[in-house]
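Working notes, beginning with the structure itself.
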Amino acid sequence: MKFTRTFSDPSSAARCGVLETGHGTIQTPIFMPVGTVGSVKGVYHRDLKEDIGAEIILGNTYHLYLRPGLDVLKAAGGLHKFENWDRPILTDSGGFQVFSLTGIRKLTPEGCTFQSHIDGSRHTFTPENNVDTQRIIGADIMMALDECCPGDADHDYAAKSLQLTKNWLERYARRFHETEPLYDYEQTFFPIIQGCTYRDLRTEALEHALQFADAGIAIGGLAVGEPTEKMYEMLEVVCPQLPADGMVRYLMGVGTPANLLEAISRGVDMFDCVMPTRNGRNGMLFTWNGVMNMRNAKWEEDFSELDPSGTSFVDHCYTKAYLRHLFISGEMFAAMIASEHNLAFYLDVVRQARAHIKAGDFSKWKEETVKRITARL
């Protein structure tokens, strides 16, 4: 796997690049739709490719390990074949999901023991069996097992958490290099930079993680309750210390379209977030002119296109009044339309960002765009 930086914005840290994988080439900056259990909620794979333009999607190790389970995935020939997706896949290690199970999980130097949210059964993730699990799932990009530190943790807790993540990374890397892919394509893994909102810990984590990074590195723990400005501050600490070439930078679990543009301006290349589909299911649409709440009465007799500036077919097939009616009626089709629109918008945002980085006017465009897309309609 190989990442090549191709363009840089002269007025910011924004850049374009190409990530080559065994399932195709990814143009960065890129947004990755979240397909936690082998599906992006409410969206056909055909539409992910042809309408939305997704170049890579995510799966989640925790959820896939529990259901359908490793026996099924191995028998299917890996997640790509199981869900009939022939483009790249990235899998989270499940560390964030385990982090969210506070009260029914226990962290030790050996690993993390947790109870299944499905049936209460007990399981343990260690760095070693997490590698083995992700080998069976078969993602192109695997994420190292880490502890996701709470955003409001004090320095002492964050330091102890980071030491655990560093120890796990060393074991994860050792196991990764002791094993081979089960399927006929290359896999790589990304170390995760933790350290909460503390500059010294972020730098310590970065210096350690770089020893194990190949084609990319992830920045974790920045969508877990800390103020947005703190997130940007930590990106300004981390990104300038990363190699300018040869390594893609992935900001995990972020965020709004404005968050993406601000992070791109600070040098981030890859993103994922459940927001486009989760917020879409609840009636929130992101557009180039601002955010729409489709449950509002103001749309009841608005028979204009859902989004005249939108790139998805749903934007021009359906009206605002129709989508509002579907939401008020509790129709599942409402969530499908909104999810399709939002994902297409997110992919259009990074596509436009790439174009403006190449044109050399990204910073000016970003400032104007952030004001526009954060308005409330």
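The values are calculated or read from the model by the stated rules, or taken from the named source; none is laboratory data. Since the structure is predicted, the reported quantities are computational estimates derived from the model, not experimental observations. Cβ coordinates were reconstructed from backbone atoms using ideal geometry, including for glycine residues, and neighbour counts include every protein chain displayed. These accessible areas exclude ligands, DNA and RNA; they are computed on the full protein's heavy atoms, side chains included. Shrake-Rupley method; radii C 1.70, N 1.55, O 1.52, S 1.80 Å.
Would you point out which residue out of D146, D92, D140 is in contact with a Pro (Cβ under 7 Å, 6 or more places away or on another chain) and in contact (Cβ under 8 Å) with a residue 60 or more places away in the chain?
Values: D146 fails: in contact with a Pro (Cβ under 7 Å, 6 or more places away or on another chain); D92 fails: in contact with a Pro (Cβ under 7 Å, 6 or more places away or on another chain).
Going through D146, D92, D140 in turn, just one is in contact with a Pro (Cβ under 7 Å, 6 or more places away or on another chain) and in contact (Cβ under 8 Å) with a residue 60 or more places away in the chain: D140.
Give the residue that is farthest from G53 (Cα to Cα), with candidates limited to residues of region 342-371 that are assigned to a helix (DSSP H, G or I) and small (G, A, S). Lay out the reasoning, then the answer.
Step one: of region 342-371, the residues assigned to a helix (DSSP H, G or I) are 342-359, 362-371.
Narrowing the set further to residues that are small (G, A, S) leaves 344, 353, 355, 359, 363.
On the way: A344: 7, A353: 15, A355: 15, A359: 21, S363: 24 Å.
Looking at the filtered set, the residue picked out is S363.
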Q) Only one of T287, T256 is open to solvent by 30 Å² or more (accessible area, probe 1.4 Å) and either touching a helix residue (DSSP H, G or I) at 6+ places or on another chain (Cβ under 7 Å) or not hydroxyl-bearing (S, T, Y) (or both); which? A) T256
Q | Restricting region 31-88 to residues that are farther than 17 Å from L343 by Cα, without any contact (Cβ under 8 Å) to a residue 60 or more places away in the chain and among the basic types (K, R), the residue that is surrounded by the most Cβ atoms within 10 Å (Cβ to Cβ) | A | K81
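Considering only residues that are in a helix (DSSP H, G or I) and either modelled with pLDDT under 95 or under 29 Å from the mean Cα position of the chain (by Cα) (or both), which ones fall in region 291-316? Talk me through it step by step, then tell me what you get.
Taking region 291-316 as the starting set, the residues that turn out to be in a helix (DSSP H, G or I) are 297-299, 314-316.
Those that are in a helix (DSSP H, G or I) and either modelled with pLDDT under 95 or under 29 Å from the mean Cα position of the chain (by Cα) (or both): V314, D315, H316.
Does region 107-118 contain at least one residue that is of a type in the set (F, W, Y) and surrounded by 15 or more Cβ atoms within 10 Å (Cβ to Cβ)?
yes
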(Q) Against the conditions (1) at pLDDT 95 or above; (2) under 17 Å from L251 (Cα atoms); (3) among the polar types (S, T, N, Q), where does S39 fall short? Just the number, please. (A) (2)
Q.
Looking at region 318-335, can you tell me whether even one residue there is touching a Lys or Arg at 6+ places or on another chain (Cβ under 7 Å), of a type in the set (G, A, S), touching a residue at least 24 places away in the same chain (Cβ under 8 Å) and surrounded by fewer than 23 Cβ atoms within 10 Å (Cβ to Cβ)?
A. yes
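Regarding P227, is this residue without any contact (Cβ under 8 Å) to a residue 40 or more places away in the chain and surrounded by fewer than 23 Cβ atoms within 10 Å (Cβ to Cβ)?
Numbers: without any contact (Cβ under 8 Å) to a residue 40 or more places away in the chain: yes; surrounded by fewer than 23 Cβ atoms within 10 Å (Cβ to Cβ): yes.
When the stated conditions are applied, P227 passes them.
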(Q) Suppose we filter region 14-30 for residues that are surrounded by fewer than 18 Cβ atoms within 10 Å (Cβ to Cβ) and either in contact with a Cys (Cβ under 6 Å, 6 or more places away or on another chain) or charged (D, E, K, R) (or both); how many remain? (A) 1
